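Here's the structure we're looking at; comments come further down.
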Amino acid sequence: MNWWQRLWRRKQIEEHLEKELRFHLEQHTNELIAHGYSGSEARRLARLELGGPEQVKEQCRDARGTRWLEDLLQDMRYAVRMFTKNPGFAVVALLTLALGTGVTAVMFTVVNGVLLKPLPYHQPDRLVALHEKTETSNQFGNLWAFAYPNYIDCEKESQSLTMAAWRYNGGIITGPAGAEYIDAIQMSSELFSVLGVMLPLGRGFRAEDDHLASAPVAVISYNLWQRRFGGNPAAIGSSVVFDGQSYAVIGVAPAGFRVNDNDADIFTPLGQDPSPALQMRDRHPGIAVIARLHPGVTLDQARTELALIGRRLAQQYPQSNNGRGFVADPLRPEVGDVGATLWLLLGAVSLVLLIACVNVASLLLARAVSRERELAMRVALGAGRGRLVRQCLTESALLALLGGGLGIFLAASGIGPFVALWPGSLPRAQEIHLDWRVTLFAIAISLVSGILVGLAPALRAPSRDLERSLRAGGRTIAGNSRRLHSAFVISEVALAVVLLVAAAMLGGTLVQLSSVNPGLQYHNVLITRMAMSPTTLANPPILPAWKNALERARHLPGVESVALVDTVPLREGNNQLAYWPAPTMASPTDAPIALANSVTPDYLDVMRIPLLAGRFFDDDDRAGNELVVVIDDVLAKQAFGTQNPIGRRVWIPSTSSPFSPVREGADPVRVVGVVGHVRYWGLAGDDQAHVRAQFYYPFAQVWEPWLRRWSELMSIAVRTSVPPSSIVGPLRKELGGDQALYGIQTMEQLVSDSLARQRFLLLLFGIFAGLALLLACIGIYGVLAYLTSQRVPEIGVRIALGARPADVMWMVLRQGLGMILAGIGTGVIGAWAAGRVLQHLVEGMRPAGFSTFAITIPILIAAALFASVVPARRASRVDPMTALRQD
């Protein structure tokens, strides 16, 4: 019989044990009677020889190996009885622990889904990301996307990796349902197999599909299949028209499939793209490479092989590949700067959990002091110190587990709202849900919390001086207990100070940033991307088509002015170009960098950016005329100092110039105007940005062969005399047809979104600080109320000797104020450290000044003293005769 069966059949085994002991006792008694002893004497001697029945039973129970579990169940039953006997304490402790565990579980669920959970592919630990790497760095670093010919060579020569390439794209899908802009991914034929993804319908790409001469085929997303084909399996074999090209649908991707968190509605073969940039080894057209290690191959072996391939290609193609190699790193989720924010929030909720634990520990300690006579009685009856400690820890662990269970329920309810409130799009949001990791984490922190909160009362269990404990009955408090209570309050106040100051810093920063001038007038400005008709892009000239679109938009009711712009301020995406204020340039890697923006002449009128000197563009600034730019005051100061920049020239390296084909040297461009600086990186991040200088160049002077690429980037900016949202419908109708508007936003939304992360953090830290303040006040009230109740006899003596109620109140308030001030002193140091962390992790964060502490500290003191008033008033109303009788 195994231990589980022995435990499950415990009652039956106890009955057998009772019968067996009775049998042995009767058998031995009969033997003694046979030897001439009387019946009573024989039974006495038999009992003496066999030992006490309860002692024998205990020895037998110990021999079963289940005694520890039986004792645990007994301790748990006793703990439940104690909780039901004092439901108020149990409810307060449960809710406190549930609150701390719940908010911590919510944050860990998000951290787990975004940062810790493996990518949703087969054997994700075998996947690696490949990059090209140069020996020297320039303004963009030394890691690059692949050149397509380099990928082809690496894919053919590698014996340790199965490689796949892809790049992000987008375009217009047309059909009976109308034109719609969709995201797309161009991929090599191996991508699905490298990721280990099985298509639920149809097939993936084959090697023969991945060539220029192959028939156009496509795999569509599950969402597009439902949206355009109604989930009909007959979609396989039908066709879709994407960017003017008809593709045969050969498969449907699984629901929710993403390529490293990049969503798309259509997948096409990369090898079918005829773009000249894909055929050039010195161009890097955004191609990402993912590879899977072959069985038995380590990452170091793959890196060694890639280094050999890189050296061979550098020798074979020195002009493009000299000083260039290939690196492999484990494939990781692309989460940007979200990781730092999530760890920051997890640290903040951990402080809330710590305050909750301290609060409950204080309650348990007070309860243990009040149970001192009970515990002393158990020691007097033979219980060992270890038994008492185990009982106390069992009670606290049971309390913590129940609180943890309630906390998991609260976490399940809070995850959805948290994700919905996150500013912008949260990476891997579809991966955020309760799973076994989160459940295990919640159980673990519950158990750890239970041990922490039960440790102090457990170690305080009496083992010496039992007579004093039995007589005192919990009416006196040892100095150690008083100091421990004070330490709990001090730690709660200190942690509350940290969170309050952090929230105040965020609030002050947000107020200051909200008053910052973004450099433009953002009210009543609509921004929309426009996907130009594939027919127009395939049949130049393109500029007249854009002029026609602007003219049609300009005549809509409510439109004041309209312009084209390729990189909109405060929106994702930018174009950084090198420039030089002299014809003799240093190395391009040493040239200063500026943000370049292609616009049409009315852009300044739309955005109301101040013109500081010179002029802006006009219709004469077109192809064939002198190349011109308008710079901002930041670039003017960097390039020309205090000199007048109007009429001077800047030189742009031809390798990156939008004005001419690739050639040696640089394009001289005349500066015709200076405008005010626009906070392109947002109200919070622009001051700390590495690249702030800006210049504008005419869209009409972009080199004609490059206009198709520029047309994929352009947005329409519209200033309106009416609410911008009312223009969206007419604008769609006027510019629709086989063209599509997408990514519609207002500049007011973009300005607001630039501070969305700070507002979100302020909201959460405000909630955390409020919870911390509430828990700290509850802790102060509980400790002072308990300490005061234990000093009732002393207070009665003081009143009997002439102490006034005000004196008694001040005595209690002074005790509370001492703990509060000690906590504030400790918390200020922690708040200073927390402020440094916030400055490092949060854009635009201002350091904590005197005003921050001057606002938060009085609030905390006032709240804490308010929590102290009730026990102080209660102490001042003690009846001295009643108090003296208690002693």
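Among the GluC sites (Glu not before Pro) within region 502-581, those in coil by DSSP and having at most 16 neighbouring Cβ atoms inside 10 Å are Glu572.
Here region 489-510 is scanned for amide nitrogen atoms under 18 Å from the site 7 Å beyond the Cα of Leu421 along Cα-to-Cβ, giving 499-508, 510. Helix screen, the chain: DSSP H segments with Cα axial length of 18 Å or more and mean Kyte-Doolittle hydropathy at least 1.6 are 87-111, 338-370, 436-459. Carbon-plus-sulfur accessible fraction, region 533-738 (probe radius 1.4 Å, protein heavy atoms only): 52%.
Would you tally the net charge around Ala756, using a Cβ to Cβ cut-off of less than 14 Å, leaving Ala756 out, and scoring K and R as +1, D and E as -1?
Numbers: positive: Arg571, Arg757, Arg759; negative: Asp337, Glu572, Glu748, Asp753, Glu843.
Summing Lys/Arg as +1 and Asp/Glu as -1 gives -2.
For region 124-330, the average shadow cast by the Cα convex hull is 12.1 nm², which is a quarter of the hull's surface. As a ratio to 2.2 N^0.38 Å, the alpha-carbon radius of gyration computed for the chain takes the value 1.31.
I'd like the distance between the alpha-carbon centres of region 692-768 and region 192-224, rounded to an integer number of Å. The distance from the Cα centre of region 692-768 to that of region 192-224 comes to 33 Å. Charges were assigned to the Cβ only: +1 to each Lys and Arg, -1 to each Asp and Glu. The resulting dipole of the chain about its Cα centre is roughly 3880 debye.
The modelled label-to-label distance for the pair Asn548/Arg648, using points 7 Å beyond Cα in the direction of Cβ, is 4.3 nm.
What FRET efficiency would be calculated for the residue pair Thr304, Ala255, taking the C-beta separation as r and a Förster radius of 56 Å, to the nearest 0.05? Taking R0 as 56 Å, the efficiency between Thr304 and Ala255 is 0.90. Here the extension length gained between Leu212 and Glu572 equals 126.3 nm, from 0.36 nm per residue of separation less the Cα-Cα distance. A simple spin-label model places pseudo-atoms 7 Å from Cα toward Cβ; at Ser320 and Val728 they are separated by 4.4 nm.
Given R₀ = 56 Å, FRET efficiency for Ala756-Ala800 by Cβ-Cβ distance, to 0.05? Intermediate results must be reported in sequence, preceding the final value.
Values: r = 64 Å, r/R0 = 1.13.
Using R0 = 56 Å, I get an efficiency of 0.30.
Between Asp329 and His690, what is 0.36 nm times their sequence separation minus the Cα-Cα distance? Round to one decimal in nm. Kindly include the intermediate steps, with their values, before the conclusion.
On the way: separation 361, 0.36 × 361 = 129.96 nm, distance 2.65 nm.
Working it through step by step, the gained length comes to 127.3 nm.
Label point of Ser193 set 7 angstrom out along Cα-Cβ; within region 134-178, amide nitrogens under 12 Å from it belong to 162-164.
Computed over neighbours whose Cβ is under 11 Å from that of Pro423, the net charge equals +1, Lys and Arg +1, Asp and Glu -1.
Find how much the distance from Trp436 to Ala487 grows on full extension, using 0.36 nm per residue of separation minus their present alpha carbon separation; answer in nm with one decimal. Present the calculation step by step, with values, prior to reporting the outcome.
On the way: separation 51, 0.36 × 51 = 18.36 nm, distance 3.62 nm.
Here the answer is 14.7 nm.
Using the Cβ atoms and a cut-off under 15 Å, what net charge is assigned to the surroundings of Tyr781, where Lys and Arg are +1 and Asp and Glu are -1? Before the final figure, lay out each step's value.
On the way: positive: Arg873, Arg874; negative: Glu492.
Residues near Tyr781 contribute +1 overall.
Taking every protein chain into account, the accessible area of the chain amounts to 46 square angstrom per residue (probe 1.4 Å). Rounded to the nearest 0.05, the FRET efficiency derived from the C-beta distance between Gln512 and Arg44 at R0 = 60 Å is 0.05.
If you sort Glu157, Glu132, Glu49 by accessible surface, 1.4 Å probe, largest first, the order is Glu49, Glu157, Glu132.
The values are calculated or read from the model by the stated rules, or taken from the named source; none is laboratory data. Quantities reported herein were computed from a predicted structural model and do not represent experimental measurements. Neighbour counts are summed over all protein chains in view; Cβ atoms, including those assigned to glycine, are modelled from backbone coordinates with ideal geometry. What goes into the accessible areas is simple: the full protein's heavy atoms, side chains included, and nothing from ligands, DNA or RNA. Shrake-Rupley method; radii C 1.70, N 1.55, O 1.52, S 1.80 Å.
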